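K.L.:
I am attaching a structure below and will ask some questions about it afterwards.
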């Protein structure tokens, strides 16, 4: 009897444990809204794909839990390209405005269950009602591990590297063409390839070998020594010539000083000559002014004489004076003629003069 009672108690505890385990499974698996399904509303979120999203996935706004995923299914089972519809159950006390979007990310390394974050729309918009549809965006795992700014920088860097590689490709091809092995004989042939660095180096090597062969010849070395001796002699002669030129330059300097002094004296003489000419010019100008004044006065006198004014004017304009002067000059002429005859008679001895 005692053993039977003990078995019954053990069975009751086992059943109680199984019931408690079942309750925990329900609460932690689909427990959100358990017994509160009437106090929530459903909205649909459309994703291109829903990797890692399952029933019971946490839904939050600003890090605060507002609901859970109710179920996940294709938008159209016959057209997979239309994406996945994720139905979430939102607690009725949270009003989500229209214009909101949902974001989530793929699980890292295939593990975990990233939550769905709802980004609310403008505050003044009406609230979403049960059955409303909002867009969803699924971020790649790398975006959750590496910031978007870093990824953008990597993308830009990769693009720039690709552009640089494309730009360098022609340069590398030209360098390959430049470094390609080519012999001078092949380049010199009619229609042969163009010369490059390889053929130029081959020609330079041949030239150096030829120069070495020439310099190694004893006769050439003797000629070089003679040439060096001649150059040395020329340099010595050049030094002597430089000394002579220096002396000549000093003499020229002295001559230049004398010429400068002579030019100074000539300049002084020219200055004195200019001064004398200025004095003569002033004297001549004074004489001309005096002559002009004399002629002016003479002209005035002539004008008065012409008008019969003054003594000279009366003498010039008086007809009687003219007649008297004519008679006087005629008589004077007769007297001179008689005097000439008298002298002639004296010379002939016709007249004797006693002393």
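K.L.:
Please pick out the residue among 189, 180, 148, 160 that is farther than 30 Å from residue 46 by Cα and modelled with pLDDT under 80.
P.N.:
So the residue among 189, 180, 148, 160 that is farther than 30 Å from residue 46 by Cα and modelled with pLDDT under 80 is 180.
K.L.:
Then there's this: Looking at region 78-92, which of the residues that are exposed (fewer than 15 other Cβ atoms within 10 Å of the Cβ) and touching a strand residue (DSSP E or B) at 6+ places or on another chain (Cβ under 9 Å) is nearest to residue 39 (Cα to Cα)?
P.N.:
This residue is 92.
The values are calculated or read from the model by the stated rules, or taken from the named source; none is laboratory data. These numbers were taken from a predicted model, which means no experiment stands behind them. Please note: Cβ atoms are built from the backbone with ideal geometry, for glycine as well, and neighbour counts cover all protein chains shown.
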